[in-house]
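**Student:** Can you keep this structure in mind? I'll have questions shortly.
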Amino acid sequence: MAWDFETDPEFQLELDWIDRFMTEEVEPLDYLDLEAYDVRCPKRNALVKPLQKIVKERGLWACHLGPELGGPGYGQVKLALMNEILGRSKFGPIVFGCQAPDSGNSEILAHYGTPAQKERYLKPLLNNDIVSCFSMTEVQGGADPKVFTTSAVLEGDEWVINGEKWFSSHAHVASFYLLMAVTDPDAGEYRRLSTFIIPADTPGIEMVRNMPVGHHGQPGHAWLRLTNVRVPKDHLLGERGGGFVVAQTRLGGGRIHHAMRTIGQVRRAFDMMCERVLSRTTQGTLLAEKQMVQEKIADSWAEIEQFRLLVLRTAWKIDKYKDYLAVRKDIGAIKALMPKVFHDVASRALHIHGSLGVTPDMPFAEQVIESFHMGLADGPAEVHKVTVARQVLRDYEATSGKFPTRYIPHLREAALAKYGSLLAEIEARAA
C-alpha cells in the first residue's frame, strides 16, 4: 500500500524557507499602495524584482513549468504544498513566478505558439517582464462559450475581430490578450470558437470600464470593446475551431491552482479567528469558552482540513495520470467547494471580530466578497457541480426491477436462500 501523508524532509526544508520568506519579505508588500501586476510601476519593480531574484537563485521560480521552459517541473502535489503558503499574499505568486493568468497563458503559448511568438511573448512573460490577460467571458453570455458573439473573420492574411469581452482580468496592464472568438458560427457548439494572440496596443481595442471586485480593491477586471481589430493570420493559436481544446490547456491547472492558493487565504482567516477568541473577553469569560464560538472554530477547522485533503488528492491524481480529463470530477468538486469553504470561514471570522470585522482595517469583508468571485471565476460553481454529478453517475447503472436493488425484503429473501439451510441445521443441532 502507498498511502502517505508526509512530506519529503528535503522538500519540507524548502517549504519552511518559503514560509519564512513570505512572512518576512513578501507579505508586507500587501500593505503598501502597490499593484502586484503592474510591471510598469518603478516602485513595484524596485521592491519585487530583488525578491524574484532570490527565488530564482533558490531554484523555486515558476515551479509549475517543466525544465524545457525554465522551471523545475515539480508536479501538482509539490505545487499544492507551495501554493497554500503563497496564497496568503497577493504578491506571493508574483514573487515566485506562478501567478494567474500568466501561468496558464504561458502553457498555451508553450503548446501552440510559433518560435517567433514564444520569443516575443512567452520569454518575457515567464520572466515577469510583462503580464497577460485571458479574455473569454462576455457581457451577454457570461462564461458560457456556446452563446459568445465576439467574431473573428479571416480577410486575406488577417483576422478581423469585433465584439465585446467582460471581466478580462489585468487587461489594463497586459501586453497581450489571449482572446476567444467565434470563427465558425455554423459549426457544432464546441467547434465554433478559436483562440487568438492580440497585442494590447492593437488599434480598435477600447476599455469601456475597468472594475474592482467589491469597493476596496484596485480596478483590474476590464470590459473591452473590439472594433475591427486586425491581427496576422498566424496569431490563431491551435486549430481553427479548436478554442475549447486550447482553453483546456490552462483551465484544468488554473482551477486547482486557485484552490491551492485559497487554502492559504482561508487559513489566514482561521488563524486570526483563533487569535481573536483567545484574546477577547465578554460576559466574564473568553470568547474561546463560549460553546457557540467553539462550534465555529470546530466547523472551520474540519472544513479546511477536508478541503485541503481533497485538493492534495486531486493534485496527486493529476501527477499520477498526467491527464486533466481523467480528474475532471475531482477538479470540479474542489472548484465547487472552494467558494463555500472560503465564504463560511471568512464570514465566521468577520462575525467573531464584531464591528471591527466589517471595516477595511481587517481583511474579512474583502475575503467574503472574494469568495463570491471564486464561485464565478473559471466557470460558476453550479456548472462544476453538474460536471461532478455527471461524472459520478457514469459509475452507476439503473435497476430494471420494480424496486431498488437494496430493497430489504428482496435482500432478506436472498440471504435466506444462501444461508437458510445452514441456519436450519444449526437450529436442529441446538434442539
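**Student:** Quick one: in segment 26-51, of everything that is assigned to a loop (DSSP other than H, G, I, E, B) and of a type in the set (A, V, I, L, M), which residue is farthest from ASN128 (Cα to Cα)?
**Tutor:** Out of the qualifying residues, it is LEU32.
**Student:** Scan (1) open to solvent by 10 Å² or more (accessible area, probe 1.4 Å); (2) farther than 27 Å from LEU60 by Cα; (3) of a type outside the set (Phe, Trp, Tyr); (4) at pLDDT 95 or above for the single condition PRO145 breaks and write down its number.
**Tutor:** For PRO145, the exception is condition (4).
**Student:** Checking the condition under 21 Å from GLU305 (Cα atoms) and among the acidic types (Asp, Glu), which residue from ASP395, ASP323, ASP344 passes?
**Tutor:** ASP344
**Student:** Continuing with this model, one more query. Specify the residue that is surrounded by the most Cβ atoms within 10 Å (Cβ to Cβ); the eligible residues are those in segment 156-175 that are assigned to a strand (DSSP E or B) and in contact with a Cys (Cβ under 8 Å, 6 or more places away or on another chain).
**Tutor:** Going through the qualifying residues, I end up with SER168.
Rundown of residues vs (1) without any contact (Cβ under 8 Å) to a residue 24 or more places away in the chain; (2) under 19 Å from the mean Cα position of the chain (by Cα), yes/no style:
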residue: LYS233; (1), (2): no, no
residue: LEU236; (1), (2): no, no
residue: GLY241; (1), (2): no, no
residue: GLU275; (1), (2): yes, no
residue: ALA288; (1), (2): yes, no
residue: VAL311; (1), (2): no, yes
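**Student:** If you don't mind, there's one more thing I want to ask. Mind checking whether some residue in segment 88-96 is over 21 Å from the mean Cα position of the chain (by Cα) and either open to solvent by less than 10 Å² (accessible area, probe 1.4 Å) or within 29 Å of ILE205 (Cβ to Cβ) (or both)?
**Tutor:** There is no residue in segment 88-96 that is over 21 Å from the mean Cα position of the chain (by Cα) and either open to solvent by less than 10 Å² (accessible area, probe 1.4 Å) or within 29 Å of ILE205 (Cβ to Cβ) (or both).
**Student:** Let me ask something else. Determine whether segment 245-253 contains at least one residue that is on the phi > 0 side of the Ramachandran plot, out of contact with any Cys (no Cβ under 8 Å at 6 or more places or on another chain) and open to solvent by less than 20 Å² (accessible area, probe 1.4 Å).
**Tutor:** Scanning segment 245-253, I find no residue that is on the phi > 0 side of the Ramachandran plot, out of contact with any Cys (no Cβ under 8 Å at 6 or more places or on another chain) and open to solvent by less than 20 Å² (accessible area, probe 1.4 Å), so the answer is no.
**Student:** Go through segment 202-220 and count every residue that is closer than 27 Å to TYR31 by Cα and either in a loop (DSSP other than H, G, I, E, B) or touching a helix residue (DSSP H, G or I) at 6+ places or on another chain (Cβ under 9 Å) (or both).
**Tutor:** 9
**Student:** Looking at segment 330-358 only, could you name the residues that are touching a Leu at 6+ places or on another chain (Cβ under 7 Å) and either more than 18 Å from GLY254 (Cα to Cα) or not in a helix (DSSP H, G or I) (or both)?
**Tutor:** Residues satisfying the conditions are ILE352, GLY357, VAL358.
**Student:** Right, another one. For segment 52-71, which positions are closer than 17 Å to LEU86 by Cβ and not in a helix (DSSP H, G or I)?
**Tutor:** Selection gives GLY59, LEU60, TRP61, ALA62, CYS63, HIS64, LEU65, GLY71.
**Student:** State the number of residues belonging to segment 97-112 that are open to solvent by 20 Å² or more (accessible area, probe 1.4 Å) and part of a helix (DSSP H, G or I).
**Tutor:** Residues flagged as open to solvent by 20 Å² or more (accessible area, probe 1.4 Å) and part of a helix (DSSP H, G or I) within segment 97-112 amount to 4.
**Student:** Cβ-Cβ below 6 Å, separation at least six or inter-chain, first residue in segment 354-375 and in contact (Cβ under 8 Å) with a residue 60 or more places away in the chain and closer than 30 Å to ILE256 by Cβ, second open to solvent by 70 Å² or more (accessible area, probe 1.4 Å) and among the hydrophobic types (A, V, I, L, M, F, W, C): which pairs?
**Tutor:** Listed by first residue and then by second, the contacts come to ALA365/VAL358.
**Student:** If you check LEU69, LEU65, which single one turns out to be open to solvent by less than 40 Å² (accessible area, probe 1.4 Å), in contact with a helix residue (DSSP H, G or I) (Cβ under 8 Å, 6 or more places away or on another chain) and within 27 Å of LEU179 (Cβ to Cβ)?
**Tutor:** Exactly one of LEU69, LEU65 is open to solvent by less than 40 Å² (accessible area, probe 1.4 Å), in contact with a helix residue (DSSP H, G or I) (Cβ under 8 Å, 6 or more places away or on another chain) and within 27 Å of LEU179 (Cβ to Cβ), namely LEU65.
**Student:** Please work out which residue is nearest to MET180 (Cα to Cα), limiting yourself to segment 122-155 and to residues that are under 23 Å from the mean Cα position of the chain (by Cα) and hydroxyl-bearing (Ser, Thr, Tyr).
**Tutor:** Only one residue fits best here, namely SER135.
**Student:** Residue check: is ASP299 open to solvent by 60 Å² or more (accessible area, probe 1.4 Å), acidic (Asp, Glu) and touching a residue at least 24 places away in the same chain (Cβ under 8 Å)?
**Tutor:** yes
**Student:** Do the conditions hold for ASP361, that is, is it within 16 Å of ALA269 (Cα to Cα), open to solvent by 20 Å² or more (accessible area, probe 1.4 Å) and not in a helix (DSSP H, G or I)?
**Tutor:** yes
**Student:** Filter segment 215-228 for residues that are touching a residue at least 24 places away in the same chain (Cβ under 8 Å) and loosely packed, with under 14 Cβ neighbours inside 10 Å and give the result.
**Tutor:** HIS216, PRO219, THR227, ASN228
The values are calculated or read from the model by the stated rules, or taken from the named source; none is laboratory data. Model, not experiment: these values are computed from the prediction. Note that each Cβ is placed from the backbone with ideal geometry, even for glycine, and that neighbours are counted across all protein chains shown. Just the protein is used for accessible areas: all its heavy atoms, side chains included, with ligands, DNA and RNA removed. Shrake-Rupley method; radii C 1.70, N 1.55, O 1.52, S 1.80 Å.
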